[in-house]
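See below for the structure under consideration.
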Amino acid sequence: MASQHLILLLAIFVSLCVAAIGQGNKIVPFNPSCSTTGNYSGDSQYKKNLDQLLSTLATAATDDGWFNTSSVGTGGDDQVFGLIMCYADRNPTQCKECLAGAPAGITQVCPGSRTVNANYDACLLRYSDVSFFSVADKTVAFNVYAKSYVENMAAMNETRWQLMSQLAETAGQTKLRLDTGSTRLGSTSMMYGLAQCTRDLAVSECSTCLSDYIVQLSKIFPNNSWAAIKGYSCYLRYDLSPFGITLPPSSPVPPPSSTRSTGFVAGLSVAGAVSFMVILGVSIWLLLRRRRKHARLMREHQEMEDDFEKGTRPKRFRYDELSVATDFFSDDCKLGEGGFGSVYKGFLKDLNLEVAIKKVS
Ligand SMILES: *[C@@H]1O[C@H](CO)[C@@H](O)[C@H](O)[C@H]1NC(C)=O
Ligand SMILES: *[C@@H]1O[C@H](CO)[C@@H](O)[C@H](O)[C@H]1NC(C)=O
Ligand SMILES: *[C@@H]1O[C@H](CO)[C@@H](O)[C@H](O)[C@H]1NC(C)=O
Ligand SMILES: *[C@@H]1O[C@H](CO)[C@@H](O)[C@H](O)[C@H]1NC(C)=O
C-alpha cells in the first residue's frame, strides 16, 4: 500500500512538479527568476539576438545531446548567452517537448527580462546579457517532496547522505555531468538517487552545487520518502522507488587516425615521445573509464526499461491522466509560507492522495 503511494507520488512528481501546462507549443515554467531592471524593448537588438538564440538553442539541443550553450551578438550590451538542458529522469518525448516549448513559454512569462532562469518539468532554460557559463548558481528554484514518511529517520538520512555524496562526486566526472545509483536501506528497502549538473560546469563546481543541496535535503526533508531539489545549475533527487533515467543519444565519435599520430611520434625527441605516450595512455584510460561508465548507465537504464515493459516495475503514468485531477500552485492550494518559501498542496480526489510542493521564494 505504502509502496503504491510512492509510485503514485513519483508519477505525480513526473507530471506535476511544474505547472507545465502546455499550450500548443508553449510550456510555462514554474517559479522562474526574471530580471526586472534594464528591460529590453520590443524593437531592440537584444530582442533580435535573444530570438535568434532561443530558436537555435532548442534545435541544437534536440539534435545533439539534449544540452546546448550558445551566444548571439558580438560583445557589448546586446550579446546574449543561453543554456538549455533536459533532466535525465524524463523520457525522450518529454525532453523534446520541453526543448521545443520552453523558449516560447519564457518570453511570455518574462517579457522584457534580460536575465532569466527558468525550470520546467523536463528541462532548464537560462539566458542573460552576461556570461554565466561554468560557474554554479546554487540558488534553489524549488523543492518537490513526498508527504509520506519513513519510520527510521536516522537510517534514511545516513543512507541518503552516503549515496548522494557519492553521486555528487562522480556526477561531475562524467561527460554528461550526471550519475545515478542505488543502495540498500535497511533489510527490505532500496534507495535510488540521481545527481545532475549542467554540462558547462567543471567537476568541482558541479560537486559543490550538489553538496549544497545534500545538506539542504538533510535539513528540510529529514524523513520524507522522496524529495528533489531543482536549481539552475544542478539537480538532486532521491527516492525509495526506482525511477527511469534516459540518457541522450550519443553522437557519433570520429574514427581515430592512426597513421598521422605514428608519423608525429617518430618526429619527436625521445623525451617528447615518452611524455606523449604517457599523455596518450592517460587519455585512453580516461576515455575507457568514461565509456564503461556510460555503458553501465545505459545498461542500468535498459534493465529498468525492460522491467517496465515486463510489468515488474511500476506502470508509468501519463502526464495528461494526472494533471486533470489537481490544481497546483493556485492560491487555493497554498498551505502556508515559512522560512523556506510557500508550500502548495495538491489533492488527487480519485486516489485520495495528497502531495505537496514547496516553492522557494
Ligand atoms: C551548441 O549548438 C551549436 C550549433 O549546433 C554547436 O556549434 C555548439 O557546439 C553547441 N554547443 C554545445 C556546448 O553543445
Ligand atoms: C521588466 O520585465 C519583467 C517581466 O519580464 C517585469 O516583471 C518587470 O516589471 C519589467 N520591469 C520594468 C521596469 O518594466
Ligand atoms: C544526516 O546525516 C548527516 C551526515 O551523517 C549529518 O551531518 C546530519 O546532521 C544528519 N541530519 C539529520 C537530520 O539527522
Ligand atoms: C517525520 O514524519 C512525521 C509523520 O509521520 C512527522 O509528523 C514528523 O514531524 C517528522 N519528523 C521530523 C523530525 O520532521
Considering segment 182-232 alone, what residues qualify as being within 15 Å of residue 172 (Cα to Cα), in contact (Cβ under 8 Å) with a residue 40 or more places away in the chain and polar (S, T, N, Q)?
196, 198, 208, 211
I need the full set of residues from segment 133-192 which are of a type in the set (Ser, Thr, Tyr) and assigned to a helix (DSSP H, G or I), in order please.
159, 165, 170
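Out of 114, 90, report the one residue that is over 25 Å from residue 237 (Cα atoms) and not in a strand (DSSP E or B).
Details: 90 fails: over 25 Å from residue 237 (Cα atoms).
The match here is 114.
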Do you know which residues across segment 99-127 are hydroxyl-bearing (Ser, Thr, Tyr) and either more than 16 Å from ligand 1 (Cβ to nearest atom) or in contact with a Lys or Arg (Cβ under 7 Å, 6 or more places away or on another chain) (or both)?
107, 113, 115, 120
Complete set of residues in segment 98-142 that are of a type in the set (Asp, Glu) and modelled with pLDDT of 95 or more:
129, 137
Counted residues, segment 55-81 - those being under 26 Å from residue 236 (Cα atoms) and either among the charged types (D, E, K, R) or within 16 Å of ligand 2 (Cβ to nearest atom) (or both)
2
Pull out all pairs, ordered by first then second residue, where Cβ-Cβ is under 7 Å, the residues are six or more apart or on different chains, the first lies in segment 148-166 and is closer than 12 Å to residue 236 by Cβ and without any contact (Cβ under 8 Å) to a residue 24 or more places away in the chain, and the second is in a helix (DSSP H, G or I) and β-branched (Val, Ile, Thr).
none
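Return yes when residue 41 is within 15 Å of ligand 1 (Cβ to nearest atom) and not assigned by TED's automatic domain parsing to the domain that holds residue 230 and no when it is not.
Values: within 15 Å of ligand 1 (Cβ to nearest atom): no; not assigned by TED's automatic domain parsing to the domain that holds residue 230: yes.
No.
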In segment 143-193, how many are hydroxyl-bearing (Ser, Thr, Tyr) and within 12 Å of ligand 3 (Cβ to nearest atom)?
2
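Return the residues of segment 125-177 that are of a type in the set (Asp, Glu) and either surrounded by fewer than 16 Cβ atoms within 10 Å (Cβ to Cβ) or within 16 Å of ligand 2 (Cβ to nearest atom) (or both); say none if nothing qualifies.
Quick first cut of segment 125-177, residues of a type in the set (Asp, Glu) only: 129, 137, 151, 158, 169.
Matches in segment 125-177: 129, 151, 158.
The values are calculated or read from the model by the stated rules, or taken from the named source; none is laboratory data. Every value quoted in this text rests on a predicted model; they were computed, and no experiment measured them. Cβ: placed from backbone, ideal geometry, glycine included. Neighbour counts: every protein chain shown.
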